[in-house]
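Below is one structure, written out as structure tokens; the observations come after it.
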Amino acid sequence: MDFRLFKLNRMDQVQIPENTFSKRQAPMLNLGREQISPGGIAVKALFEPACKWRLVEEFGPGCFTVQDDGRLLFQEDYTDQERLITWMLSFRDQVCLLEPEEIRAELREQISRMIKNYE
């Protein structure tokens, strides 16, 4: 591409001549959640209402149901155990992982080790 074709006064005034690029067909991408981030770990957790917007931002508005007590029952697939544990810990005391039990046990173990660091 010959960049001398561009007229540049300021970055917010960049002008590109019409004949600079040739048009081509681009295939439509599959942007479904399964394609971008395949699951594998079925997660079930209760979040405090204050976590609502973070859940919506990270998983979309359909990732939880509001319970009678106001807490949010989150049910989604997660891709990786280590990342799930790190994500759960980032919510501190605002979440309780219900399932899967083996990751719940690992969380309990890690929290116990963390407590020992502060005794």
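Here, each number is a calculation from the coordinates, and none is a lab measurement. Keep in mind that what you see is a predicted model, and the values were worked out from it rather than measured. So basically every Cβ, Gly included, is an ideal-geometry build from the backbone, and we count neighbours across all protein chains shown.
Measuring from label point to label point, each 7 Å out along Cα→Cβ, what is the Ser22 to Thr79 span in nm?
My value for the distance between the label points is 3.6 nm.
Between Asn117 and Lys44, how high is the FRET efficiency from 1/(1 + (r/R0)^6) when r is the Cβ-Cβ distance and R₀ = 25 Å? Nearest 0.05.
0.30
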